[in-house]
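Each remark here refers to the structure printed beneath this line.
The values are calculated or read from the model by the stated rules, or taken from the named source; none is laboratory data. All values reported here derive from a predicted model rather than from experimental measurement. Cβ placement follows ideal geometry from the backbone for every residue including glycine, while neighbour counts extend to all protein chains displayed. Side chains included, ligands, DNA and RNA excluded: accessible areas come from the protein's heavy atoms. Shrake-Rupley method; radii C 1.70, N 1.55, O 1.52, S 1.80 Å.
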Amino acid sequence: QNMDIDFEKGKMYCIKGENGSGKTTLIDLITGLYIGEYEGEILYNEIEITNLNMKWMRKHKIAVLEQMPYMIEGQMEDNIYLTDDYKQKDYYFRFIHQEIGDIGKNGEGISGGEKQKIGIVRTLAKDAEVLIFDEPTSALDQRSRKELYTLLRQIKKDKIIIIVSHDDEITQVVDHVITVHK
């Protein structure tokens, strides 16, 4: 309630707050999942999102990494490049340092950290204008966290990057911290 936030290209934002404070709801609003269920305005490039095809926007302009990335049975590439819209970027593979073998149903056979890395690379491979990461570092080791932060700083020029996190280290990396209160 009573929020007035501007997200700008070339900036990274961290959304922090206690559990139940509305961080996920804020992300759901931004991505157009609650059209007509809020007061006020949500604008994307000065256009009210009720006037946009938000399904198309989520497919082409917005990429979201959920806390628990879903996995399909198959190879790592099957889980990263879900459609032809996903772009292969060689530098994303520096984030995954070892070959990840076959992935079973619901991600069986790989660790939580591997799932998270695949989910991060999938989000990046979508090459969207708006990147939203929900707790992207929760299952990552310190080295992988630093590599993620470096990668995000390198690509932020043409993107809006929003990170929901309880990780205090992220506040040293982002341009703005937004605290959501109950």
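What the table shows:
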item: Top positive-direction residue, dipole computed over the range 108-163 with Cβ charges, set Ile120, Leu152, Ile162; result: Leu152
item: Accessible surface, the range 68-134, averaged per residue in Å² (probe 1.4 Å); result: 49 Å²
item: Dipole of the range 66-182, positive end: most advanced residue of Thr179, Ala139, Asn79 [Cβ charges, Cα centre]; result: Thr179
item: Given charges at Cβ of Lys, Arg, Asp, Glu: the range 1-113 dipole, positive-most of Gly20, Ile42, Ile100; result: Ile100
item: 222 nm mean residue ellipticity, helices alone, for the chain (DSSP H n ≥ 4; -39,500 (n - 2.57); rounded to 500); result: -7500 deg cm²/dmol
item: Order by protection proxy (mean Cβ within 10 Å, highest first), peptides 63-74, 122-133, 30-41; result: 122-133, 63-74, 30-41
item: The chain: Cα Rg divided by the 2.2 N^0.38 Å rule of thumb; result: 1.02
item: Rounded to the nearest 10 Å², the accessible area of His166 at probe 1.4 Å; result: 90 Å²
item: Residues listed by number, the range 95-129, amide nitrogen under 11 Å from Asp78 label point at 7 Å toward C-beta; result: 102-107
